[in-house]
Every structure is written in C-alpha cells, then in structure tokens.
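S.K.: Please find one structure pasted underneath; my questions will follow.
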Amino acid sequence: MSAPIAPANAGSRRLGRSFAAIAVAIVANVVLSLGIDQGLHVLGVYPPWGQPMFDASLNLLALSYRLAFGVLAGYLVARSLRAPPCVMPPSLE
C-alpha cells in the first residue's frame, strides 16, 4: 500500500487561505459596523460625526451590534477554514 503524499506547498497554501479568511472577516466586520453607524447618524439616532456620544443606551446599542458582527465574522472564519473529515485507514475500521 502506498500512502498519499501531500504536495510540498500545501502548508503555505493553507496558511495563505487562513490569512485571507481572517482578512475578509475583519473587512466585513469594519464595513458592516461603519455602515450601521452611518445609517444611525443619518436617521438621527446618533449625534452628528465628530460630536461625543455620552448616552449610555446609544453606546450599548453600538456595542451590541458590533459584538454581533464580531461573532458573525468569527463564524465565517471558522466555517471557511473547516478541515475535511479524517479518513480512517481500512485496517483501523
């Protein structure tokens, strides 16, 4: 029996894929957060840009959707980097 041999560049390809998945998740998180921020500024929920936001409920609102976007970004990274299931050799089945 011969065991399949992985190509020499498989590790670097996987590392590049990992970096790309993390970068995409960070960009998605930033774009979603800034998009919601801008929408809430336009709707008048948040004060205009450049003015401080002292209201605790508005800060809690911002924290809540940013946390949700962070969890979603983490899920996307984990989902895109999911490893294929291990295949047992016939002798161990």
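S.K.: Taking the range 51-81 on its own, how many of its residues are of a type in the set (S, T, N, Q) and closer than 30 Å to GLY16 by Cα? Break it down stepwise before answering.
M.R.: If we filter the range 51-81 for residues that are of a type in the set (S, T, N, Q), which is where we start, we get 51, 57, 59, 64, 80.
So of that shortlist, the ones also closer than 30 Å to GLY16 by Cα come out as 80.
Selection size over the range 51-81: 1.
S.K.: Now, a different point. Which residues, taken from the range 21-34, are within 19 Å of LEU60 (Cβ to Cβ) and more than 10 Å from the chain's Cα centre (by Cα)? Explain how you work it out, then say what you get.
M.R.: Pass one, the range 21-34, residues within 19 Å of LEU60 (Cβ to Cβ): 29, 32-34.
Selection gives LEU32, SER33, LEU34.
S.K.: While we're on this one: In the range 43-67, which residue that is surrounded by 14 or more Cβ atoms within 10 Å (Cβ to Cβ) and under 29 Å from ARG82 (Cα atoms) is nearest to the chain's Cα centre (by Cα)?
M.R.: Restricting to residues being surrounded by 14 or more Cβ atoms within 10 Å (Cβ to Cβ) and under 29 Å from ARG82 (Cα atoms), the top hit is ARG66.
S.K.: Pairs, please: C-beta under 7 Å, at least 6 apart or cross-chain, first residue farther than 13 Å from ASP37 by Cβ and of a type in the set (Lys, Arg) and in the range 56-67, second at pLDDT 95 or above and part of a helix (DSSP H, G or I)?
M.R.: Going by the 7 Å Cβ cut-off, there are no qualifying pairs.
S.K.: Being at pLDDT below 90 and hydrophobic (A, V, I, L, M, F, W, C) is true for just one of ALA68, ALA21. Which residue is that?
M.R.: Working: ALA68 fails: at pLDDT below 90.
Only one candidate passes the filter, namely ALA21.
S.K.: Look at ARG14 and say whether it is charged (D, E, K, R), modelled with pLDDT under 85 and part of a loop (DSSP other than H, G, I, E, B). Steps first, please.
M.R.: Working: charged (D, E, K, R): yes; modelled with pLDDT under 85: yes; part of a loop (DSSP other than H, G, I, E, B): no.
In short, no.
S.K.: Here's something else I'd like to know. Has the range 31-42 got any residue that is surrounded by 11 or more Cβ atoms within 10 Å (Cβ to Cβ), modelled with pLDDT under 90 and among the polar types (S, T, N, Q)?
M.R.: Checked the range 31-42: no residue is surrounded by 11 or more Cβ atoms within 10 Å (Cβ to Cβ), modelled with pLDDT under 90 and among the polar types (S, T, N, Q).
S.K.: Of the residues that make up the range 80-90, is at least one surrounded by 13 or more Cβ atoms within 10 Å (Cβ to Cβ), in a loop (DSSP other than H, G, I, E, B) and at pLDDT 70 or above? Lay out the reasoning, then the answer.
M.R.: First, the residues of the range 80-90 that are surrounded by 13 or more Cβ atoms within 10 Å (Cβ to Cβ): 80-81.
Next, only the ones that are in a loop (DSSP other than H, G, I, E, B) stay: 81.
Retained after the next criterion (residues that are at pLDDT 70 or above): 81.
Taking every residue of the range 80-90 in turn, at least one turns out to be surrounded by 13 or more Cβ atoms within 10 Å (Cβ to Cβ), in a loop (DSSP other than H, G, I, E, B) and at pLDDT 70 or above.
The values are calculated or read from the model by the stated rules, or taken from the named source; none is laboratory data. Keep in mind that this is a model prediction, so the values were computed, not measured. Counting neighbours? That spans all protein chains shown, and the Cβs are built from the backbone with ideal geometry, glycine included.
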